[in-house]
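Visitor: Quick one: structure below, then a few questions.
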Amino acid sequence: MKKGPESRGNQPVELYRRALLIRKAEVLSNLGVKFDTVAAMGRVAEEDQAQVSHDEYVSLSLNSLDFQQLGLVEEALDRIKVGDYGFCQACGDPIPGKRLKAVPWARYCIPCQEQVAMPVGQHAGTPELVADH
């Protein structure tokens, strides 16, 4: 049987679940504010159109990042439900509590995350195949 965050005593999985729910609420709140800000601009003068277009681009890019993070948070909440939370998705080892405290939606231990983050061609295999560290 796996022994993950729930067995670490000082940092039970419930604390991580709460942190994930707080982050989910923050991301959802930010998405609404960004959309409302762009929508509230209405019509603008032609000479201001370039700036408005740039602002919309930045807002959409930030929304994209927020949606990605929201997905990671929701995946982590699902892992809590099924009992797989706190284990590296590449090697299966427990993710250290210090990492989960900093990044509660972490999918990988640090060595595997470094392999995943490497540019294509600099590591052999996919993250799922990274087993030794």
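Visitor: Could you tell me whether any residue of the range 41-48 is within 30 Å of Ile95 (Cα to Cα), in a helix (DSSP H, G or I) and modelled with pLDDT of 65 or more?
Guide: From the range 41-48, those within 30 Å of Ile95 (Cα to Cα) are none; that's our starting set.
No: zero hits.
Residue-wise test of (1) basic (Lys, Arg); (2) within 26 Å of Ala25 (Cβ to Cβ); (3) surrounded by 15 or more Cβ atoms within 10 Å (Cβ to Cβ).
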residue: Asp78; (1), (2), (3): no, yes, no
residue: Tyr85; (1), (2), (3): no, yes, yes
residue: Arg99; (1), (2), (3): yes, yes, yes
residue: Ala117; (1), (2), (3): no, no, no
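Visitor: Which condition number in (1) more than 15 Å from the chain's Cα centre (by Cα); (2) modelled with pLDDT of 90 or more; (3) of a type in the set (A, V, I, L, M) is the one that Val58 fails?
Guide: (2)
The values are calculated or read from the model by the stated rules, or taken from the named source; none is laboratory data. None of these values were measured; they are calculated from a predicted model. Every residue, glycine as well, gets a Cβ built from its backbone with ideal geometry; the counts of neighbours run over all protein chains shown.
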